[in-house]
Structures are given as structure tokens and as C-alpha cells.
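Quick note: the coordinates plus some simple rules give every number you see, no bench work behind them. Keep in mind it's a predicted model, so treat the numbers as computed, not measured. Cβ placement follows ideal geometry from the backbone for every residue including glycine, while neighbour counts extend to all protein chains displayed.
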Amino acid sequence: MRFKEWLGGAKQRLMTNIANRTFKKNPGLLDRLAIRFLRGSIGEVPHDPELDHPEN
Amino acid sequence: MASAKPTDNKNTYSVCTICDIGCQLRAETEDGKLKRMIAHDNPALARNVCYKGTAAAHIHNHVDRLTRPLKRVGERGEDKWEEISYEQAMDEIAERLKKVVDQYGPESMAVSTSGWNTQTTHSMDRRFMNALGTPNYISGVSLCAGNTAAVNKITYGWFPFADISNSKCIVLFGHNPRKHSWTPIFNMINAARANGAKVIVLDPRVSDQAEVADLHLSLRSGTDAAMCLGWLNVIINEELYDKDFVAEYTVGFDELCERVNDYPLERVAEITGVDAALIAESARMYATAESACIPWTPITDMQISSTSAIRLQSILRALTGNIDIPGGDVFGGFDPNYIPESKLGNHEMLSAEQKAKQLGSDAHPAYTYRAQEMLSEHTERVYGYAYADIVMGCYMANPSATFRAMATEKPYPVKAFFVLGNNALMSYPNQHQILKGMMNQDLIVAHEIFMTPTAMLADYVLPGDVFSERNHISDYWNWKLGLTVSQKAVEPPAEASSTFQFWHDLAHRMGFADLFPWQTIEDMLDHRLSPTGKTFEQFSNENYMYIQPPEYRKYRKTGFATPSGKVELKSSVLGELGFDPLPYYREGPAVSEDYPYYVFTGVREDAFFQTGQRQVKVLRDRMPSPKLFMHPVDAERQGIIDHDWVKLQTETGEVTAKVLVQGSMKQGHIRVPHGWWYPEMRGEAKLAGAFISSDAVLCPDTPEYLDYEQGIPHFKGFPGRIVKLNEPPAGMSEQVLAG
């Protein structure tokens with residue numbers, strides 16, 4: 001359990017570091033790799049028509 | 001008025017403040033106007049958007065936006081105004097405030113605000129108040145999240161944020177995150193569920209979350225504390241708790257066990273109306289999960305046993321060892337990269353004598369200076385600074401006591417009321433008393449983006465800016481660790497400006513210039529980011545978000561920020577204040593022949609946040625009229641069918657609304673949406689219909705309806721009755737009648 005918890009924490013720190021790379025305005029090589037990784041694991045989010053509003 | 005220029009449109013990310021969640025969205029502009037607000041381009045954030053957020057352009061460019069300062073020319077509440085310049089307004093406000101303070105003392109000024117809406121105050125309101133000498137700050141967070149933060153601190157020194165995405169078991173006490181309300185939380189729950197997490201929902205009705213839950217406990221409204229005691233009974237008696245954690249990091253376990261034994265499952269089943277076997281099964285599911293969390297819920301915030309129920313949720317987290325672990329409830333602390341509002345507020349400056357005058361702190365001290373300062377030295381020991389104003393909710397006056405003082409001048413007069421980004425008249429209990437209090441003021445100043453029923457009662461109304469018109473960095477008010485950039489996309493219209501600017505300009509006129517050296521929001525952001533060595537411009541050019549990598553079980557090094565240094569199952573703070581130091585369940589006012597239904601109010605609808613947005617056509621079209629929910633059996637007994645107009649009456653007031661008959665409702669319960677008024681009735685009905693359908697008239701704030709420790713009213717399950725109307729109410733628009 002404790003090892004599992006340690007592993008969970010380590011994974012969270014790694015994922016946070018990867019996420020922070022994807023939040024860069026001018027991504028470098030490693031940042032772009034992080035974005036590719038993220039897109040690969042999450043996929044593209046399709047447009048949701050419920051979010052659309054008619055023009056007033 | 002405007003400070004920095006809007007940024008390049010191609011890279012403009014803004015934090016939406018239409019509700020309290022703070023999703024970062026992308027702004028598109030055209031000819032200096034916000035054209036539309038769209039979802040994020042980062043796939044991890046792209047689902048965090050709802051149809052309120054994408055309506056931002058309809059709100060920000062609305063024809064009814066306030067753009068010039070207004071001065072009252074008619075009687076108070078008559079809604080007659082003249083436009084004046086910003087400089088004239090601020091000069092006159094300062095002069096009149098000085099007069100009130102000279103006559104009645106600094107504590108005669110009260111401020112009501114909502115940090116969710118105003119966003120960029122940077123605690124300059126508290127700084128101003130502390131410089132002036134008034135402790136009378138009230139906020140909607142006293143009913144929602146802020147009070148939970150304060151009570152959590154009493155038990156273990158901080159307010160944790162649930163690590164939902166990584167959890168294996170999520171417990172929702174009445175909370176119902178869905179696609180267009182609390183959207184990021186909804187997405188986190190879905191992600192966890194996809195990863196095998198179990199979800200337990202405790203809600204009187206079959207909510208959206210209950211429909212897909214692993215276990216749904218349809219408890220009677222307002223009985224959260226009893227349910228938690230039932231869970232503890234199972235967890236303790238079946239020895240499902242984390243014995244090592246309890247032994248090393250808690251105090252009061254034996255006394256807690258004794259208290260819990262007063263709540264055998266049969267008793268809890270009787271109180272809550274939930275089968276004992278289901279209570280036991282859910283308690284076991286929670287306690288034996290690899291990791292589990294109990295996210296904050298607005299439902300437990302608003303009950304007669306709220307303090308106990310919030311503490312019991314904290315105790316459940318502690319006993320099951322789910323504190324500060326991945327997938328549990330995680331303690332953030334102050335963000336090392338950003339100076340917190342807790343510091344900027346300068347709470348040290350207010351004297352003990354003035355703090356003691358904080359309204360309501362004598363009877364209901366839990367979230368006031370009186371209780372929270374008992375934690376100061378421990379907060380400093382663990383977190384490095386004495387004042388942790390998490391979610392802005394830890395050093396507040398009690399709203400009911402404040403409005404009572406405004407109305408009756410007891411225990412002392414409150415004669416100047418400043419209300420910013422907050423429709424106070426309809427946002428607290430006992431709306432009739434609030435009106436009485438506001439009518440008894442020498443000075444009311446409102447800072448708003450639209451004219452509201454509250455602003456109609458003001459002497460001065462200043463036009464506020466909106467999130468696309470200002471720079472900001474959100475730090476979630478220290479609830480979780482992370483910084484989110486919000487960039488100005490367009491200029492505010494005419495003389496609209498931020499609440500930061502308001503307090504700065506008022507402070508300079510009141511002789512506090514030295515305490516307010518930052519001229520612009522960007523100066524303030526530079527100051528707050530100084531630990532990073534970067535300016536706002538540098539930081540926001542590099543990142544649109546930064547999350548502090550998490551650390552877990554930090555208490556092993558620091559202990560907990562409580563007097564004992566441990567999780568206080570038996571609270572030394574509450575004990576010293578004269579309250580029961582152990583959690584308990586208290587029954588709310590009973591239903592009767594006259595008032596046979598349990599009413600629950602304060603319910604959020606997807607199209608709106610609190611009392612806002614009713615004038616925004618694209619949102620109002622989705623929800624044209626207020627609707628109560630009733631069970632089919634109750635409706636049949638009352639001779640009511642779908643879309644009938646009714647009056648819901650309690651001993652203090654009545655709400656007119658339509659009925660939706662829903663099989664998902666719990667029998668004997670009536671659900672009331674929050675914050676309805678009718679901007680289209682402005683000029684025709686008193687205060688634009690603020691007393692027709694507003695749920696704030698329903699729940700009394702007399703002692704038998706109030707939680708002892710916080711003074712929170714029992715919004716979840718008080719007695720009421722339904723009267724069918726034969727005719728629709730007069731004066732309603734065609735849209736309301738048809739919708």
C-alpha cells in the first residue's frame with residue numbers, strides 16, 4: 001500500500017511536470033513533445049454544439 | 001481608467017468568472033470588442049467550458065452594462081439616477097464615508113462582496129477595512145465554501161482540495177457537478193470513473209450524479225451530520241479505520257468513539273430515511289477504497305448541523321487515512337510563487353478591540369476572527385504566516401448579524417454599506433431584514449456590471465469591469481496550488497473599472513495612500529509574483545498556467561496547524577469557545593400540518609450563477625422562468641400538474657414559481673432554484689421583481705434555524721407549503737409565461 005502510494009505520488013509529480021510543459025506560450029522541443037504526449041493520451045476534444053449560442 | 005493595453009489576440013487566455021470555478025478560456029476579439037469566448041486549445045483543459053462561459057460576449061457586450069458612475073436622485077430604491085464622473089463619485093463617497101465614521105466609528109462601515117465575481121480585488125477591500133478599523137466584512141462564501149474552509153481549519157489546520165481525478169472512491173454529499181455546472185469537477189469525476197473509481201451519492205433526489213452512481217443514498221434533506229455519524233459507527237466498530245494514523249496524528253479518538261456510539265445505524269436510518277444496510281455498505285465502500293475523497297459540497301455548507309457535518313467529513317478523511325495522499329483530500333498551503341491575499345489583507349493591522357466588535361462573533365464565532373485567530377500561531381508554525389484566509393472565508397462577520405445591526409442599530413449602528421459584485425439583497429437569508437437594513441443606511445455604494453435590485457438601493461453605483469477587460473493571475477484563493485493567467489483581451493467600456501482600482505482610489509482619498517502604493521493591477525501582479533523574480537508580463541508571456549508539483553503527507557514533517565498539532569477529532573477551539581467539542585446531529589425545524597414539506601433552497605441552475613445573468617437573452621432562453629421541483633405523489637395530492645403556477649410559503653415569506661413534477665424528487669421535498677428576479681420588470685415592479693421569486697425570503701434566520709457555531713441557516717430542509725395559483729401572476733413577460 002505504502003509503495004503504491006509512493007508510486008502514485010511520483011506519477012502525479014511527473015504528470016504535473018509534463019502538464020506544466022504543455023502550458024508554455026512558446027514551447028521548446030521538450031514542451032512540444034509533452035504536448036504530443038498529451039494529445040496522444042487524451043485525444044482531440046470534439047466541438048460540443050451545446051456550447052453554441054445564436055447571435056443576438 | 002484603463003491600465004495596460006490588451007494583449008495580442010492570438011494568445012489571449014482569460015479565466016472566466018461567470019461562475020466560481022475559474023475555467024481558463026480563449027478570447028477572440030474584433031474591432032476592440034470581445035467577439036466570442038471559446039474552449040481551450042490545450043486538450044487537458046478543452047472540456048472545461050460550459051455554455052455560460054461561451055455566452056461571455058453576450059454578457060460583456062450587453063446593452064445594459066453599466067458604463068458610467070451613477071448618483072441617486074430619487075428616493076432610495078426608486079431607481080432614479082444622474083450620471084456623474086468617476087472622480088466626482090469617488091470624492092463624494094470618501095467625504096460621506098468620513099462623515100459616517102466620524103459620527104458612528106469605523107465599525108459602522110460594512111462590506112459585502114463576492115471574490116468569485118470581482119476577481120481582482122487582491123484583498124484590497126480587507127486592507128482598506130483593516131486600515132480604517134472595521135471588521136465587518138461579509139461575503140456569499142459564508143454560505144458556500146468559505147465557511148467550510150474555516151471549519152476545516154478548526155479540525156486540521158487547512159482546507160484540502162479533493163484529488164478527484166486520481167481517486168478510487170468519490171463521495172458526493174448532495175453535490176451534483178454536471179456538464180454545465182462545476183464543469184471541471186464533472187470532468188474530473190468522469191476521468192476517475194473511467195479509471196475504475198466508485199462514486200457514492202448522498203442526495204434526497206435522483207440527481208444527474210445519482211443516476212450514474214455506484215450507490216445512491218436518498219437521505220432526508222439536512223441530515224448529512226447524522227449520515228456521517230452512521231458511517232463512522234460502521235468504520236470504527238468494524239475497525240476499518242487507519243489505526244496508525246489515528247494513533248499518531250489525532251486527538252480525541254476515545255471521546256469520538258463514545259459519541260459515535262450514540263448513533264447506532266438503526267437511529268441513523270430513522271433520522272435519514274435510508275436503509276441501515278445501505279448506510280453500512282456505503283461506509284465500507286468508502287473506508288476500504290485504495291484512496292477516497294469527499295469533495296467540498298455546497299449542500300453540507302447550509303444546514304443546521306453544518307459545523308458538525310463539515311467536521312465529520314474532515315474526521316472521515318482523517319480516520320480512513322485519506323488526508324494528503326494521491327486520490328485523497330490534499331493540503332495545498334500557500335503557493336511559494338505568489339504572495340497570498342491573506343498577507344495583502346493586512347489582518348495584523350486591525351486592533352484586537354475592533355476585531356472583538358465583529359458582528360456575530362459573540363454568538364457564532366466559527367469563521368470570525370474570534371475562532372480563527374485561535375489558530376494563528378499554529379498556522380504560522382506550519383505554513384509560515386499567521387493568517388490563512390482560504391477561499392476568503394476565514395475572518396468574516398456573520399451576515400444576519402450585520403443586516404440586523406444595519407436595521408436596528410444594535411449592538412451598534414452600521415450606517416455605510418459597500419457592496420461589490422454581490423447582489424446582497426438576494427444572497428443571504430431574511431431578505432426582508434436586508435431591505436430594512438439597507439433602507440436605514442446613510443451611505444450605500446454598489447460596484448456592479450449590471451443594475452441589480454441591490455444596486456437600485458444604492459446612493460452611488462460604479463460600473464465594474466469584466467474578466468476579458470483586465471489582467472489577472474488566479475491562485476484559487478489558496479484552496480489548491482496553481483497559478484492561472486487571465487489576460488486582458490479588450491478595454492473596459494467608458495468609465496468601467498476594477499474593484500482593485502476602487503479600493504485604491506478610495507484609500508488615497510481617505511489618507512491611506514502609503515498602504516496602497518500599487519498604482520495599477522499590473523503593479524500588484526508584479527508584486528505578487530515577486531517570489532518568482534518575474535513580472536506579470538514576463539510570467540504571462542512564458543506560461544498561461546503553472547501548477548505546483550504536489551507533495552503528500554506533509555504533516556509528517558510539520559504536524560497539523562491546530563493547537564495540539566494533530567487532527568482534532570475533539571476540537572480544542574470549539575471547546576474553548578463553549579461549544580460541544582465533539583460533532584453531533586441536531587434536528588432541524590419539523591414539518592407540520594400547516595407546513596408539510598421539506599424545502600431546500602439555494603439550488604444552482606445551469607444557465608445562471610447565483611442571481612446573475614437573467615438579462616442575458618441566450619441564457620434566459622434556456623431557462624425562462626423559475627421552477628420548483630415536486631414529486632408526482634405530492635403534486636397529485638395538491639392537484640398540481642407540470643407548469644402550474646404556485647406559491648411556496650414559509651413562515652417568513654413566499655416565492656411564486658412554476659412547478660416541474662419530477663419522479664427524481666424525494667417525496668415530501670420541494671427544491672427551489674436560487675436567486676430569481678426579473679430585469680425585464682425594471683421600472684414596473686418594485687426592485688425589478690426582487691420579492692416575487694427570490695428564495696432568500698423563505699428561510700428564517702432566527703436561532704432555531706441557525707447552526708450554533710457558524711450561524712448558518714438551515715437552507716436544506718425547512719418547513720413550507722404549496723398553494724396552487726389559478727391564474728399566472730400579473731406583470732410577467734410572455735417569455736416567462738410560456739417558458
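Can you bin chain B into rounded, prolate or oblate? Criterion: square roots of the alpha carbon gyration tensor eigenvalues sorted a ≥ b ≥ c, rounded for a/c under 1.5, prolate for a/b above b/c, oblate for the rest. Working shown, then result.
Working: a/c = 1.38, a/b = 1.16, b/c = 1.19.
Rounded, since a/c falls under 1.5.
Please label the shape of the stretch B:419-551 as rounded, prolate or oblate, based on the square roots a ≥ b ≥ c of the eigenvalues of the alpha-carbon gyration tensor (a/c under 1.5 means rounded; beyond that, a/b larger than b/c means prolate, else oblate).
On the way: a/c = 2.15, a/b = 1.76, b/c = 1.22.
In terms of gyration-tensor shape, prolate.
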Rounded Å value of the spacing that divides the Cα centres of the stretch B:553-569 and the stretch B:450-512: 37 Å
Rg followed by Dmax, in Å, when the stretch B:199-334 is reduced to its Cα trace: 14.2, 43
Table column - 3J(HN,Hα) (Hz), the stretch B:254-265, Karplus curve with 6.51, -1.76, 1.60, x for Gly and Pro: 5, 5, 4, 4, 4, 5, 4, 5, 6, 10, x, 4
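For peptide B:366-377, what's the mean number of Cβ atoms from other chains within 10 Å of each residue's Cβ? Walk me through the numbers on the way to the answer.
Numbers: counts 0, 0, 0, 0, 0, 0, 0, 0, 0, 0, 0, 0.
Mean inter-chain Cβ contacts per residue within 10 Å come to 0.
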Percentage relative contact order, chain B, counting C-alpha pairs under 8 Å, at least six apart: 19 percent
Residue of A:Arg32, A:Arg13, A:Arg21 that the Gaussian network model of chain A assigns the largest fluctuation, springs spanning Cα pairs under 10 Å: A:Arg13
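Determine, for each peptide in B:358-369, B:299-310, the mean count of other beta carbons within 10 angstrom over its residues, then list the peptides with the highest first.
Numbers: B:358-369: 24.8, B:299-310: 29.2.
Going by the mean number of other Cβ atoms within 10 Å, highest first, we get B:299-310, B:358-369.
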Rel. contact order, % - alpha carbon contacts under 8 angstrom, at least six apart, the stretch B:201-277: 33 percent
Debye-sum result for the protein assembly as shown in log10 I(q)/I(0), which assumes one identical scatterer on each alpha carbon, at q = 0.09, 0.11 Å⁻¹: -0.83, -1.33
Peptide A:44-53 - average C-beta neighbours from other chains (10 Å radius): 6
Flagged links, alpha-carbon separation over 29 Å, of B:Lys168/B:Lys627; A:Lys11/B:Lys480; B:Lys98/B:Lys343: B:Lys168/B:Lys627
Packing-based ranking, highest mean first, of B:330-341, B:576-587, B:121-132 given that Cβ atoms within 10 Å are counted: B:121-132, B:330-341, B:576-587
Alpha-carbon Rg/Rh ratio, for the stretch B:51-204, with Rh computed the Kirkwood way: 1.09
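Looking only at other chains, what is the average number of their beta-carbon atoms within 10 angstrom of each beta-carbon in B:321-332?
Details: counts 2, 0, 0, 0, 3, 10, 4, 2, 0, 1, 0, 0.
Averaged over the peptide's residues, the number is 2.
Which translational diffusion coefficient, to the nearest whole µm²/s, is obtained for the stretch B:510-565 from the Stokes-Einstein equation, given a Kirkwood hydrodynamic radius over C-alpha pairs, 4 °C and 1.567 mPa s? Intermediate values should be presented prior to the final figure.
Values: Rh = 14.8 Å.
The estimated diffusion coefficient comes to 87 µm²/s.
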Per-bin percent of Cα-Cα distances, the stretch B:439-480 [5 Å]: 5, 19, 19, 14, 13, 14, 11, 4, 0
Residues of type lysines that B:Lys410 reaches as a straight line, Cα spacing below 19 Å, ignoring anything fewer than 8 places off in the same chain: B:Lys355, B:Lys357, B:Lys436
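Highest mean first, how do B:183-193, B:90-100 rank when packing is the count of other Cβ atoms within 10 Å averaged over residues? Intermediate results must be reported in sequence, preceding the final value.
Numbers: B:183-193: 20.6, B:90-100: 17.5.
Order by mean packing, descending: B:183-193, B:90-100.
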B:Thr250 long-range amide H proximity, modeled H, under 5 Å: B:Val567
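Please compute the contact order of the stretch B:103-199 in relative form: average sequence separation of alpha-carbon pairs under 8 Å and at least six residues apart, divided by the residue count, as a percent. Mind showing how you got there, number by number?
Details: 72 pairs, mean separation 21.2, N = 97.
Over the stretch B:103-199, the number comes to 22 percent.
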Distance between modelled label sites at B:Asp91 and B:Thr520, nm, 7 Å Cα→Cβ extension: 2.6 nm
Mean residue ellipticity (222 nm) of chain B, computed from DSSP H runs ≥ 4 via -39,500 (n - 2.57), nearest 500: -8000 deg cm²/dmol
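Cα gyration tensor of the stretch B:166-272, axes a ≥ b ≥ c as square roots of the eigenvalues: rounded (a/c below 1.5), prolate (a/b > b/c) or oblate? Walk me through the numbers before you get to the answer.
Working: a/c = 2.60, a/b = 1.50, b/c = 1.74.
Oblate, because a/c is 1.5 or more while a/b does not exceed b/c.
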Reach of B:Lys33 by Cα under 29 Å, taken over lysines that are not fewer than 8 positions away in the same chain: A:Lys24, A:Lys25, B:Lys5, B:Lys10, B:Lys52, B:Lys71, B:Lys179, B:Lys488, B:Lys617
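Roughly what % of DSSP beta bridges within the protein assembly as shown run antiparallel, to the nearest 5?
Values: 37 of 75 bridges.
Within the protein assembly as shown, antiparallel bridges account for around 50 percent of the total.
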